[in-house]
Structure formats: structure tokens, C-alpha cells
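Let me begin by presenting the structure, written as C-alpha cells, before commenting on it.
Nothing in this text is a laboratory measurement; each read-out follows from the coordinates by a stated rule. Predicted model only: the values in this text are computed from it and were never measured. No Cβ is skipped: glycine too gets one built from the backbone with ideal geometry, and neighbour counts run over all protein chains shown.
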Amino acid sequence: MSDSNIEDQSREEYHLYNIISACECILEDMDNGANIEQADFNNLGYVDGIMFRMSQNVSKQLNPSNINT
């Protein structure tokens, strides 16, 4: 990502891109034979739940207010 793009990012975007980058690195390491240890697997489940809830909260902002989901 270029420096100008980094300056234009919100803090939220910055954190999300860092999370995506970390996930890509972990997946690449796993493709090369690395394994996730139990403690990290437990953290992965925790993070997955948090990201799912965040995704739902953000997407609710785009739903029409006259439709209950």
C-alpha cells in the first residue's frame, strides 16, 4: 500500500488491513507446513466471534430502518 493511501485511511481501516495482513501471513505459513497451537486456536475462535459480531453491527447500518432483521 502506498504512503498516500495509508494517510487517507481511517483508524478503523488501518486496523482492518493489519488484521487481514496478519491472517494472510498465517495462512501462508500454514500452507508451508506450520500448525496453529492450541492456545492460538482458542484465540482464533474468540477473534472469529468478535469479527462476526462486528460484521453484523456494521452491516445493520446499511439495512433500511423499516425492515426488521
key: Per-residue [θ]222 nm for the chain (sum of -39500 (n - 2.57) over DSSP H runs n ≥ 4, rounded to 500)   = -24000 deg cm²/dmol
message = Compute the angle between helix 11-31 and the longest alpha-carbon principal axis of the chain, please, reported from 0 to 90 degrees and rounded to the nearest 10.
response = 40
message = Rounded, prolate or oblate for the chain? Axes are the square roots of the Cα gyration tensor eigenvalues, ordered a ≥ b ≥ c, and the cut-off for rounded is a/c under 1.5.
response = oblate
message = Under a Cβ-only charge scheme (Lys and Arg +1, Asp and Glu -1), can you give me the dipole magnitude of the chain about the Cα centre, in debye to the nearest 20?
response = 560
note = With x for Gly and Pro, the residue-by-residue ³J(HN,Hα) of segment 36-42, computed from phi through the Karplus equation 6.51 cos²θ - 1.76 cosθ + 1.60 at θ = phi - 60° and given in whole Hz, is 8, 6, 4, 4, 5, 5, 4
